[in-house]
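J.: Pasting a structure below so you can have a look.
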Amino acid sequence: MKAWKKFAIGGGIVVLLAVIVGFTVHQSSKNVATVQTGKAQREDLATVVSASGEIKPKTYVNIGANAYGKITHLYVKEGERVKRGQLLAQIDNVQSAADLSANQAALQGAETDALAADAGLKTSQADLLRAQADYDRYKLDWERAQSLYKDGLISKSDFDSRKNAWGTADAGLTQAQARVAQAKAQKESADKHVTQAHANLARVTDVLQKTTYSAPYDGVVTNLPVREGESVVVGIQNALGSTLMTIADMSVITAEVKVDETDIVNVHLGQPAEVTIDAIPKIGDNAIVRSSGVSTSQQATASEEAKDFKVVVTLSDPPEDLRPGLSTTAKITTATRSNALAIPIQALTLRTKDQIDAQNNPPGSVHAAPPVTKDAASKSKKDDEQQGVFVIRNKKAMFVPVSTGVAGTTDIEVLDGLKEGDEVVTGSYKVLRTLRPGSSVKVDNTAPKKEEESS
């Protein structure tokens, strides 16, 4: 065989081998998935529940009208801080002030009558003492006269004179006792008049005081719906009275937020929270509910209607210009873990038991199939799924079931199944969703393309 023929045959064999190798590499690369990965590493985690709501004072009071009348003075403005006992408003009090003066005069007259009755009682009591002394003296003189007259030592006229004197003293004593009883009755009547006058004075004083309104405690005027010159009315059984203003005790301020029912099980008393208020300072002193027009500090419930649970967060060191009704967001830390073994949350995925068994028992291996029980046959696909991650081992994605704990913003704690430094598949989402356990993978942690990001 000629040399050029040998060379041509050798070259053809080399080309054929190259084609076979290239085809093999190409076919094998078609079954290799390109993935992004992350490391299982130690870090501090915190589970945070975010909820929105509004600022509310712990205590507030609506100052309502206690009397009919026209507002003559308003001494405060909305947003003003007040002290306990500070004068807030004044209602027309001409009639009630006149009633007070009349009853004060009536009380003074009753007290004067009581003093006169007391003096009359004392005079009657003195007269009774004198009458009692005269009675005792004339009685003794009469008893002596009886002995002397029996012995014939005094005349009949002298005897009769002493007897008459004793009878007069007895009548005088009876009269003095009657005058004392009368004076006591007059004194009791005068005292009752004084008591009645005190009661009337207390009543008209209360009526007068109800025309003046003062602050029940230190706070802020958060709502002032009335103006000077307006008339106010008291409430009756089926109708609310006029509300002059609302005073909020801003010494303890809370954020009332609504936590979703799926998160409320993790919220407990004493957990720390970060509260954010988005309102611009000084936009207003109190928010108004659009649907009802009622001040937010006057209503006991928040305005949102949802299947949520109310959580009250007490603020520490609130700003001075904070006002009730401002919208707020609270981030409640429900759990923390220090130095926890964590992985990115997106690495978690679900696979069925059959897929996991296929990974552990590759084609060609022989294993006896377990008997299918009635209970196992009745299990749903969801019950058959296991949570886990794909770990890179020998350039293959091996599915490993894991148990998780505290979840942070981007990472989650792994309680078992992994060790520190394990490389887990984190994306892309499209690949992670369809990746089969035991598949060959190629790691590419460069920045993802826009097409991948959009998918």
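The values are calculated or read from the model by the stated rules, or taken from the named source; none is laboratory data. Remember, predicted model here, so these are calculated numbers, not experimental data. Note: ideal-geometry Cβ built from the backbone for every residue, glycine included; neighbour counts use all protein chains shown. Just the protein is used for accessible areas: all its heavy atoms, side chains included, with ligands, DNA and RNA removed. Shrake-Rupley method; radii C 1.70, N 1.55, O 1.52, S 1.80 Å.
J.: Only one of (1) part of a loop (DSSP other than H, G, I, E, B); (2) out of contact with any strand residue (DSSP E or B) (no Cβ under 7 Å at 6 or more places or on another chain) fails for D118. Which number is that?
T.: Failed condition: (1).
J.: Scan the range 112-129 and tell me whether some residue there is within 30 Å of Q186 (Cα to Cα), modelled with pLDDT under 95 and touching an Asp or Glu at 6+ places or on another chain (Cβ under 7 Å).
T.: Among the residues of the range 112-129, at least one is within 30 Å of Q186 (Cα to Cα), modelled with pLDDT under 95 and touching an Asp or Glu at 6+ places or on another chain (Cβ under 7 Å), which makes the answer yes.
J.: Scan S189, S231, S242, S214 and give me the residue that is in contact with a Lys or Arg (Cβ under 6 Å, 6 or more places away or on another chain) and of a type in the set (G, A, S).
T.: S231
J.: Restricting the search to the range 64-115, which residues are part of a loop (DSSP other than H, G, I, E, B) and among the polar types (S, T, N, Q)?
T.: N66, Q86, N93, listed by residue number.
J.: I'd like to check something: does the range 68-75 contain any residue that is open to solvent by 20 Å² or more (accessible area, probe 1.4 Å), within 29 Å of E256 (Cα to Cα) and aliphatic (A, V, I, L, M)?
T.: no
J.: Name the single residue, out of those in the range 233-246 being of a type outside the set (A, V, I, L, M) and over 14 Å from I63 (Cβ atoms), that is least open to solvent (accessible area, probe 1.4 Å).
T.: That would be N238.
J.: If Q27 satisfies every condition in (1) buried (at least 16 other Cβ atoms within 10 Å of the Cβ); (2) at pLDDT below 90 but one, which is the exception?
T.: (1)
J.: For the range 252-274, which residues satisfy the criterion of being open to solvent by 80 Å² or more (accessible area, probe 1.4 Å) and out of contact with any Lys or Arg (no Cβ under 8 Å at 6 or more places or on another chain)?
T.: Once the filter is applied, which keeps residues that are open to solvent by 80 Å² or more (accessible area, probe 1.4 Å) and out of contact with any Lys or Arg (no Cβ under 8 Å at 6 or more places or on another chain), the range 252-274 yields T262, V265, H268, L269, P272.
J.: Follow-up question, since we're still on this one. Going by the conditions given, is D134 surrounded by fewer than 16 Cβ atoms within 10 Å (Cβ to Cβ), touching a residue at least 24 places away in the same chain (Cβ under 8 Å), acidic (D, E) and on the phi < 0 side of the Ramachandran plot?
T.: no
J.: Give the residue that is nearest to I71 (Cα to Cα), with candidates limited to residues of the range 197-232 that are open to solvent by less than 50 Å² (accessible area, probe 1.4 Å) and part of a helix (DSSP H, G or I).
T.: L208
J.: Could you tell me which of the residues A171, A145 is at pLDDT 90 or above and open to solvent by less than 80 Å² (accessible area, probe 1.4 Å)?
T.: A171
J.: I want to confirm something. Restricting to the range 90-129 and keeping residues that are buried (at least 19 other Cβ atoms within 10 Å of the Cβ) and of a type in the set (S, T, N, Q), which single residue is farthest from A183 (Cα to Cα)?
T.: Only one residue fits best here, namely N93.
J.: Please go through the range 41-67 and give me each residue that is open to solvent by less than 50 Å² (accessible area, probe 1.4 Å) and over 30 Å from P344 (Cβ atoms), ordered by number.
T.: G53, E54, I55, K56, P57, V61, I63, G64, A65, A67
J.: Pairs please, first residue from the range 309-337 and more than 21 Å from D249 (Cα to Cα), second anywhere and in a loop (DSSP other than H, G, I, E, B) and modelled with pLDDT of 85 or more, Cβ atoms under 7 Å, 6+ apart in sequence or on different chains.
T.: I332/V267; I332/Q271; T333/Q271; T333/P272; T334/V267; T334/Q271
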